[in-house]
Amino acid sequence: MSLGRLLPFIGFALIVALLVFGLRWNRTHDMNWVPSPLIDKPAPEFTLPLLYDSTMSVSRKDLLGKPWLLNVFGSWCATCQDEHPVLMAYARKFGVQLIGLDWKDDPDTAKRWLAQFGNPYETILVDTDGKAGIDFGVYGAPETFLVDAQGVVRYKHIGNLTPESIARELEPAIARLRTERP
Amino acid sequence: MLPELGQFALILALLLAAVQCTLPIYGAWRGNATLISIARPVVAGQAVFVVLAFGILTWAFLTQDFSVAYVAQNSNLSLPWYYRFPAVWGAHEGSLLLWILILNVWTVAVAAFSRHLPDATMARVLGVLGFISCGFLLFTILTSNPFLRHLPALPDGNDLNPILQDPGLIMHPPMLYTGYVGFSVAFAFAIAALLGGELDVAWVRWARPWTNVAWAFLTLGITLGSWWAYYVLGWGGWWFWDPVENASFMPWLVGTALIHSQAVTEKRGSFRAWTLLLSIFAFSLSPLGTILVRSGVLTSVHAFASDPRRGIFILVFLGIVVGGSLLIYALRAPKVAGGKAFRLLSRETLLLVNNLMFVCAAAMVLLGTLYPIIGDMLGVGRISVGPPYFGFVFPLLMLPVVLLIPFGPFFRWAMADWGAAWRSLRLALILAIAATIAAALIFLHAPLRALAGVAATFWVGSGIVAYAIRRWREAPAGRRYTPEMLGMILAHFGLAVFLAGVLITGATSVERDLSFAPNQAQQVGGLDFRFVGVTRVQGPNYLADQGTLEVRDGDRLVTTMHPQKRQYSGQQMQSKSDIDGGVFRDIYVALGDPLGDKAWGVRIYVKPFVRWIWAGGLFMLFGGLTAAADRRFRAKRAEADADAPAAVPAQVSA
Amino acid sequence: MKRIVLIFVILLAGLHAAFAIDPLPFKDRAEEVRFQNLTRQLRCLVCQNQDLADSDADLAKDLRRQVFQMMQEGKTDDQIKQYLVSRYNDFVLYDPPLHAGTWLLWFGPFAFLALGAFVVLRILRKRSRIPLATDTTSEEDW
């Protein structure tokens with residue numbers, strides 16, 4: 001049996017191997033997950049009004065000096081409702097200020113939503129047209145970003161935070177920031 | 001009661017398929033005539049139960065039995081009766097049952113029209129087909145049972161996806177599957193030949209008509225799918241290189257190489273290894289396509305189901321069937337290149353190049369389609385591969401084919417008379433150049449791609465017409481055009497028509513999104529569109545906003561168009577565009593959203609020559625069917641054996 | 001890990017089959033064509049394999065507006081693509097950029113062709129050394 005005769009079989013075996021990989025990958029990954037190119041890069045510039053006081057606004061430079069978490073949510077978002085109790089429980093435990101980004105939402109509806117479900121955020125910024133969201137590479141809610149004291153994005157979580165994902169990924173990421181501080 | 005009977009019928013069919021794929025093949029191996037002779041009856045038996053199961057599922061839809069989960073998921077009380085029938089194959093489970101039904105139809109046909117085959121060959125062919133049926137039946141019963149109950153029965157079901165409520169749905173999947181499944185017959189013949197250790201090439205002669213018909217139906221299925229996407233999905237496009245589309249295109253590319261390679265093997269005894277391998281590949285791409293489309297491993301607009309478990313099953317099946325076939329090939333394929341010798345300038349060479357280019361094209365489409373997975377594996381992040389890639393590389397690979405195609409019929413076997421061929425084709429070349437220059441002069445701003453389209457169309461078109469004319473002049477009356485040759489002429493001509501459509505429409509289509517106030521007129525593609533207004537319209541199971549637009553060419557009213565936005569009962573919305581189709585251009589209008597102040601958004605396309613794309617496909621369909629009707633293929637067994645050229649062992653191995 | 005919101009949006013996009021009809025105030029026809037070409041090369045991230053031009057997902061609409069605005073600001077096609085890639089990753093491009101990770105994609109088919117052509121040439125050369133059969137009758141013409 002010469003190599004030439006076996007070549008088609010070998011080629012086929014490679015394709016099967018690739019598909020096996022693909023199927024296993026499919027089981028452990030969200031096929032709609034897009035990795036963020038912002039990791040280890042500075043967070044984008046922004047200046048956004050506050051939800052509870054639209055005359056005041058916060059920009060990126062205001063948040064330098066301490067790490068912060070940005071949680072993108074909306075009152076229209078069903079998964080955010082699933083995530084909300086987790087945020088309520090963990091908001092104080094993170095040890096890092098939790099800032100909400102009310103994304104593509106109506107501010108009044110958002111206020112009612114928070115009144116109904118609780119407000120875990122220290123500060124809430126409003127991004128009605130989604131411009132800031134685009135700059136952060138947000139493509140769905142909820143998403144959560146961890147930004148360090150120098151304003152560099154260190155971690156992004158896509159989808160709702162769960163106790164497991166917090167323990168597995170977010171808390172270690174926050175801990176890493178602490179060990180880096182001078 | 002009936003659905004359970006349906007499940008039972010499937011299980012019985014599976015048992016018979018298991019018998020079909022084991023005993024006759026064993027009998028053929030051992031020369032046991034009794035075991036061989038059970039093949040046909042078992043085939044009939046399996047078909048009976050499959051038809052029964054399919055009939056029961058159809059009955060469940062027609063009687064709107066919502067206790068069957070699949071029926072409840074894909075139809076509801078307001079679904080018009082004529083859509084309940086195609087709703088059977090509107091989703092994963094039912095479409096699989098359709099597949100199995102079609103496989104059985106092909107198998108019965110092969111069993112019925114195989115009197116001229118040696119019994120051992122017939123047994124092996126039916127056995128292989130039985131093995132495939134076994135796999136699909138097992139897959140259905142274990143992972144995709146359409147007869148599962150949902151008790152208590154729901155009072156009403158989900159609606160059939162509005163996109164699927166369309167005549168196209170009735171035709172596209174059955175035609176496509178007929179094509180896909182038909183390649184299993186070529187596969188079965190190839191495996192039968194390998195198992196039987198046959199050195200001669202009679203099996204190719206027997207396989208050819210089946211393969212041509214399968215290819216024709218696959219061409220039709222793809223053409224229908226493209227046509228359907230065009231007028232239902234509303235983005236004016238007809239091909240997106242989506243994984244599901246590619247899954248049907250790859251077997252077509254390999255199948256095209258196969259039908260040509262079979263011709264060479266049958267007439268000259270050469271290319272046996274190519275024909276064997278192409279038969280295996282053409283078939284393998286069907287289950288491969290199933291994995292791509294139904295396992296969730298790739299993202300697609302068209303994806304049927306996203307169940308990795310199903311993907312694993314099909315992958316195992318693919319591994320066994322195709323891996324097994326390729327091992328059998330490695331062990332038993334002819335070790336020595338056979339067939340009559342040929343020179344560098346000969347029809348064989350052209351067809352060898354043809355094989356190569358189509359296989360490369362298929363491999364390229366496979367690579368591009370699978371690349372997101374490769375990207376994940378290499379850890380380079382998620383990569384998207386879309387029309388910019390395929391639309392660039394594919395034409396490059398097909399360029400040699402388009403340039404060489406007119407030479408095919410003019411080159412003789414073994415040694416071509418280059419001078420004669422060139423003399424015959426000179427006129428075609430001149431015509432192509434002249435037409436291109438004329439087009440460039442008449443349409444001053446014609447894009448390069450449109451001019452290339454004109455050149456390619458005239459080159460291929462005149463080339464085949466030139467051959468048809470020469471044949472008319474030189475062959476004696478009554479023997480001018482065999483069906484096989486006529487099929488070739490039709491199919492190659494169809495390619496010319498297709499090229500015209502693709503290249504011209506690609507370069508000259510106009511699309512505009514416009515905002516119209518009532519009674520406002522705007523110009524698109526040289527035509528005037530006047531927006532009259534929007535009214536409410538009631539349909540059988542939907543409520544719609546209907547817009548009215550008057551289209552004028554100068555002062556002459558060309559047509560009035562009525563695009564709709566429909567709200568279906570199940571909260572599903574669909575935009576139903578209106579198309580004014582013509583031989584030389586389509587006008588396509590879709591209604592958008594109200595923009596305030598009684599203004600509405602409207603999308604307008606003017607697409608010249610777009611119908612030539614599908615007309616080309618139809619020509620190819622008829623070409624394939626015509627070629628299959630050649631009486632030579634139906635020669636009686638004795639004649640077939642006498643005619644088949646014995647393999648001439650060559651001095652060198654391939 | 002399923003993003004229910006994403007599914008929601010995707011379902012909406014699919015069920016709608018309502019095209020992304022979004023009239024924009026283009027300066028002239030050339031600008032409109034440029035916009036169409038650009039948005040056909042960009043992927044709607046929240047859809048099941050659709051380009052920005054055809055998707056009616058909310059995010060797609062936002063991104064189209066963003067592309068339009070950047071065109072108005074005079075940015076080139078490359079700058080616009082770079083803007084999106086730096087936020088959304090190469091995934092957003094339907095035309096895979098050429099880098100080490102995509103060499104196989106861009107060069108693979110031609111390498112395969114070259115290999116195949118080499119094999120074919122070898123076959124042809126060997127075949128031409130064999131003496132031809134002498135029975136080339138007109139029957140054989142077809």
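List of remarks:
One line per residue, one yes/no per condition, for (1) at pLDDT below 90; (2) aromatic (Phe, Trp, Tyr); (3) crowded, with 18+ Cβ neighbours inside 10 Å:
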site: C:ILE4; (1), (2), (3): yes, no, no
site: C:ALA18; (1), (2), (3): yes, no, yes
site: C:PRO25; (1), (2), (3): no, no, no
site: C:GLU31; (1), (2), (3): no, no, no
site: C:THR39; (1), (2), (3): no, no, yes
site: C:ASN49; (1), (2), (3): yes, no, yes
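- B:TYR230 meets all of the listed conditions (1) closer than 28 Å to B:ALA414 by Cα; (2) within 14 Å of another protein chain (Cβ to nearest Cβ) but one, namely (1).
- Top-ranked residue in the range C:118-142 [being more than 7 Å from every other protein chain (Cβ to nearest Cβ) and at pLDDT 75 or above; ranked as surrounded by the most Cβ atoms within 10 Å (Cβ to Cβ)]: C:VAL119
- Residue in the range B:566-580 that is out of contact with any Gly (no Cβ under 8 Å at 6 or more places or on another chain) and on the phi > 0 side of the Ramachandran plot present: yes
- Restricted to the range A:1-119, the set of strands (runs of 3 or more DSSP E) holding at least 1 residues that are within 15 Å of the chain's Cα centre (by Cα) and within 30 Å of C:LYS81 (Cα to Cα) comprises A:68-73, A:97-103.
- Checking C:PHE68 against (1) touching a helix residue (DSSP H, G or I) at 6+ places or on another chain (Cβ under 9 Å); (2) modelled with pLDDT under 95, the condition it does not meet: (2)
- Lone qualifier among B:GLY168, B:GLY196, B:GLY221, B:GLY236 - being touching a residue at least 60 places away in the same chain (Cβ under 8 Å), surrounded by 20 or more Cβ atoms within 10 Å (Cβ to Cβ) and in contact with a Phe, Trp or Tyr (Cβ under 9 Å, 6 or more places away or on another chain): B:GLY236
- Scope the range B:309-324; condition closer than 18 Å to B:ILE373 by Cβ and surrounded by 21 or more Cβ atoms within 10 Å (Cβ to Cβ); matching residues: B:ARG310, B:GLY311, B:ILE314, B:LEU315, B:LEU318
- Here B:PHE342 fulfils each of the conditions (1) among the hydrophobic types (A, V, I, L, M, F, W, C); (2) surrounded by fewer than 21 Cβ atoms within 10 Å (Cβ to Cβ); (3) farther than 20 Å from B:PHE187 by Cα apart from (2).
Residue-by-condition table, conditions (1) within 14 Å of chain C (Cβ to nearest Cβ); (2) part of a helix (DSSP H, G or I); (3) within 30 Å of B:GLU348 (Cα to Cα):
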position	(1), (2), (3)
B:GLU198	no, no, yes
B:PRO209	no, yes, yes
B:GLY225	no, yes, no
B:PHE249	no, yes, yes
B:TRP252	no, yes, yes
B:TRP274	yes, yes, yes
B:ALA282	no, yes, yes
B:VAL293	yes, yes, no
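- Looking across the range B:517-542, the residues that are under 27 Å from B:ILE163 (Cα atoms), modelled with pLDDT of 90 or more and loosely packed, with under 13 Cβ neighbours inside 10 Å come down to B:THR535, B:ARG536, B:GLN538.
- Unmet criterion (only one of (1) surrounded by fewer than 21 Cβ atoms within 10 Å (Cβ to Cβ); (2) closer than 18 Å to B:LEU253 by Cβ; (3) touching a residue at least 40 places away in the same chain (Cβ under 8 Å)) for B:LEU352: (1)
- When restricted to residues that are assigned to a helix (DSSP H, G or I) and either within 14 Å of chain C (Cβ to nearest Cβ) or in contact with a His (Cβ under 7 Å, 6 or more places away or on another chain) (or both), the range B:493-539 contains 3.
- Scan of the range B:586-618 for residues that are within 16 Å of B:VAL558 (Cβ to Cβ), touching a helix residue (DSSP H, G or I) at 6+ places or on another chain (Cβ under 7 Å) and crowded, with 24+ Cβ neighbours inside 10 Å, ordered by number: B:LYS607
- Consider the range A:58-106 and keep the residues that are at pLDDT 90 or above and of a type in the set (Lys, Arg). The one that is farthest from A:VAL138 (Cα to Cα) is A:LYS66.
- Test: residue in the range B:344-353 that is over 27 Å from the mean Cα position of the chain (by Cα) and not polar (S, T, N, Q): yes
- Only residues that are within 18 Å of B:THR178 (Cβ to Cβ) and polar (S, T, N, Q) were counted across the range B:264-283, and they come to 1.
- Any hit, the range A:43-63, residues being within 11 Å of another protein chain (Cβ to nearest Cβ) and either out of contact with any Cys (no Cβ under 8 Å at 6 or more places or on another chain) or under 30 Å from B:TYR329 (Cβ atoms) (or both): yes
- One residue stands out among those in the range B:301-325 that are more than 10 Å from chain A (Cβ to nearest Cβ) and among the β-branched types (Val, Ile, Thr): the one that is nearest to the chain's Cα centre (by Cα), which is B:VAL301.
- B:GLY225 being of a type outside the set (A, V, I, L, M), closer than 25 Å to B:HIS492 by Cβ and at pLDDT 95 or above: no
- Test result for C:PRO96, closer than 30 Å to C:LEU24 by Cβ, under 19 Å from the mean Cα position of the chain (by Cα) and at the interface with another protein chain (Cβ under 7 Å from one of its Cβ atoms): yes
- In the range B:326-345, the residues that are more than 9 Å from every other protein chain (Cβ to nearest Cβ) and either within 18 Å of C:GLY116 (Cα to Cα) or at pLDDT 85 or above (or both): B:ILE328, B:ARG332, B:LEU345
- Boolean, B:LEU288 is crowded, with 22+ Cβ neighbours inside 10 Å, part of a loop (DSSP other than H, G, I, E, B) and either within 22 Å of the chain's Cα centre (by Cα) or within 11 Å of chain A (Cβ to nearest Cβ) (or both): no
The values are calculated or read from the model by the stated rules, or taken from the named source; none is laboratory data. Predicted model only: the values in this text are computed from it and were never measured. Here the Cβ is made from the backbone with ideal geometry for all residues, glycine too, and neighbour counts use every protein chain on show.
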